[in-house]
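Written below as C-alpha cells is the structure these notes are about.
A short reminder: the numbers here are calculations on the coordinates, not readings from a lab. In this text the structure is predicted, and so the values were computed from the model without any measurement. Here the Cβ positions follow ideal geometry from the backbone for every residue, glycine too, while neighbour counts run over all protein chains shown.
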Amino acid sequence: MRMTSGLLAAAMTAALLSRAVVAAEAVPTGKLPDDAKPLAYALDLKIDPKADRFNGHVRIKVRLATSADHLWLHAREIDVATAAVIDAAGKPHEAKLSVRDPSGVAEVAFGTTLPAQDVELVFDYSAPFNTKLQGIYKVMVGHDAYVTTQMEAISARHAFPSFDEPRFKTPFDIVLTVPRDEAVLANTQRTGYSESPDKKWKTIAFARTRPLPTYLVALAVGPWDVVDGPTIPANALRKDPVPLRGIGPRGAGPQLKWILGQTPATVKYYEDYTQQPYPFDKLDLLGAPDFSAGAMENAGLIVYRDVLLRIDDKSPASSYRSAFNVNAHEIAHQWFGDLVTVPWWDDVWLNEAYATWAQGKATVALRPEYLGDLSRLEGTLHAMNGDSQLSARRIRQPIASQDDIENAFDGIT
C-alpha cells in the first residue's frame, strides 16, 4: 500500500520514538545515565555482629534532570522490603527496585511519571554480611565477631542501594544501632547517643560527612580495642586539633601505640607540602583481622590488615618500615582520592600513583633510615618490567564495563 507523506512521517516518528524507548530501557552496564544525580544520603543501619544479616533504612535525595518514571542505581544481594519515592511536594509514591544485571545495576520504577524535580528515595531492606570481604562483612576470631567494610571499588552496592560511582560525591548522615557492649565507628565523630528501653541496644549518630563517593564510606562494629593516640595539634592551616585513635581486635591495643606515635608528623608533612589542612574531623587507624585490600583510605577511618599496625619490641625491622610506608600512603590519599576524587575508574592511576610518590617523599623526609628512595626505585623498576611485556596495558585504561575496574589496580597504576 502506498503511504501518503503525512502517514509516512507519522510512521517514521513512531519508529524513532520506539527506538528511543528501547534505547532508554537498555541496562547501563558502564556509567549510569546523567538524568538522575544523588544529592545526599541518610543511612540508618542495625548491626549485630553475632547475627548473619543486618537491617537498613536508607534515604537518598536525588535530582531528576528530566521527567522520568524510573531511574537506575546499584544494589546487589540486598532484599528490599519496601521502596518509595517522595516527590518535591512531599507526596509518597510506591516504588519497586529490580536488579537488572548481575553486576548490581538496578532499576527503581516509580509507578508514575514525575517531572524534573528533587525527590527522595526511601528503602527498607536487609542483607547478609558479605562472605567475600566486600561491602559490610564480618570475621570471626575465636568467639569474637567483628564487622567492618570494604566498599572500593564497587562494593557499596552490597551494603546499601546507592549510586555506586566515584563521580557522585555527596554528604552522608550515618546512624548505627548496635548491641550495647560493642564498639562502633564510622567516618566521622559521634554526635548523638541513646539506648533502647531494655538497655540491650545503643544508637549512635555521627556527624555529617564531607561530600564522599560511596567507595569511601566506612564503619566498624565489634569488641574492638580502641586506643587514643596523640592528638594532632592545630596549626596555621587548621584551627581545630584532630583526634587520633588506633583500633584493633581484642587485646591488640598495646601494639598500636608505635604507629600512632608516627602519624601526627606524617599528617603535618602533607599539610605543609600541600598547604591544605587535613580535611576530616578525626583520624582512626583500624587494623582488621581479615582484610582483602591490604589497606584502604576511607575518609577519617583508614582500614588496614591488622598485622600492618601491630608493632612491638619483638617485631622485625621490616615490619616497622612496612607500617610506616603503608600508613604514609593511606594518609596521602586523604587529600588525593578523598578530598579530590577522580570521576571514573580510568583515572584511578592519579590516586594511586600520587599516593605512592608522596609516600616515598614523606618516608625520606621523616624516616631517612628506611631508605624510601630505594623502595621507590624498586617499585619503578617493577613497573617498568611489567610495562616491557607484550601484554602491558596503557596507564589510563579504558573502563567499558564493571569487570574492567579491578584490572585498573596494578603495579603500573
### Query
Residues of segment 130-161 with amide nitrogen under 14 Å from the 7 Å Cα-to-Cβ point of Asp181?
143-145
### Task
Starting at the first residue of segment 38-45, write each ³J(HN,Hα) from the Karplus equation 6.51 cos²θ - 1.76 cosθ + 1.60 with θ = phi - 60°, in whole Hz, x for Gly and Pro.
x, 10, 5, 10, 10, 9, 10, 10
### Task
Hand me the GluC sites (Glu not before Pro) from segment 63-159 located in a DSSP loop with no more than 11 other Cβ atoms within 10 Å, in residue order please.
none
#### Entry: Charge tally in the Cβ shell below 15 Å around Leu260, where Lys, Arg are +1 and Asp, Glu are -1, Leu260 excluded
-1
### Task
Hey, can you grab everything whose amide H is under 5 Å from the amide H of Asn130? Only 5+ residues off in sequence or another chain; H modelled, so Pro and N-termini drop out.
Ile136, Tyr137, Lys138
### Summary
Between the modelled labels at Tyr193 and Met140 (7 Å from Cα along Cα→Cβ) the distance in nm is 3.1
### Message
Quick one: 3J(HN,Hα) in Hz for segment 385-395, Karplus 6.51/-1.76/1.60 with θ = phi - 60°, rounded, Gly and Pro as x.
### Response
4, x, 5, 7, 6, 5, 8, 4, 9, 6, 5
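When Lys and Arg each count +1 and Asp and Glu each count -1, what net charge do the other residues less than 15 Å away from Ala323, Cβ to Cβ, add up to?
Here the count lands on +1.
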### Query
Taking only C-alpha pairs under 8 Å that are 6+ residues apart, what is the relative contact order of the chain in percent?
11
## Note on the structure
Relative contact order in percent for segment 181-287 (Cα pairs under 8 Å, 6+ apart) equals 25
### Net charge, Arg376 excluded, C-beta distance under 14 Å - Lys, Arg +1, Asp, Glu -1
0
### Message
What lysines does Lys61 reach when the alpha-carbon gap must be under 28 Å and sequence neighbours fewer than 8 apart in one chain are set aside?
### Response
Lys31, Lys37, Lys46, Lys91, Lys96, Lys169, Lys202, Lys282
### Task
Enumerate by residue number the chymotrypsin sites (Phe, Trp or Tyr not before Pro) in segment 329-374 meeting two conditions: DSSP loop (anything except H, G, I, E, B), and at most 15 other Cβ atoms within 10 Å of the site's Cβ.
Trp344
### Task
Could you go through segment 151-157 in sequence order and give the Karplus-derived ³J(HN,Hα) for each residue, using 6.51 cos²θ - 1.76 cosθ + 1.60 with θ = phi - 60°, rounded to whole Hz, and x for Gly and Pro?
8, 6, 8, 10, 10, 4, 5
### Task
May I ask you to derive the FRET efficiency for Lys314 and Ala81 from their Cβ-Cβ distance with R0 = 56 Å, giving the value to the nearest 0.05?
0.65
### Message
Below 8 Å, C-alpha to C-alpha, sequence gap of six or more: please give me the relative contact order for segment 351-413 in percent.
### Response
29
### Query
For segment 140-298, what is the largest minus smallest coordinate of the Cα atoms on each principal axis, given in angstrom and ordered from greatest to least?
48, 39, 33
### Interchain or long-range residues, amide H under 5 Å from Arg250's placed H
Asp225
### Query
Amide H to amide H, which residues 5 or more places from Phe163 or on other chains are under 5 Å from it, using H placed in the peptide plane?
His74
### Query
For segment 84-108 and segment 335-413, what is the separation of their Cα centres, given in Å?
37
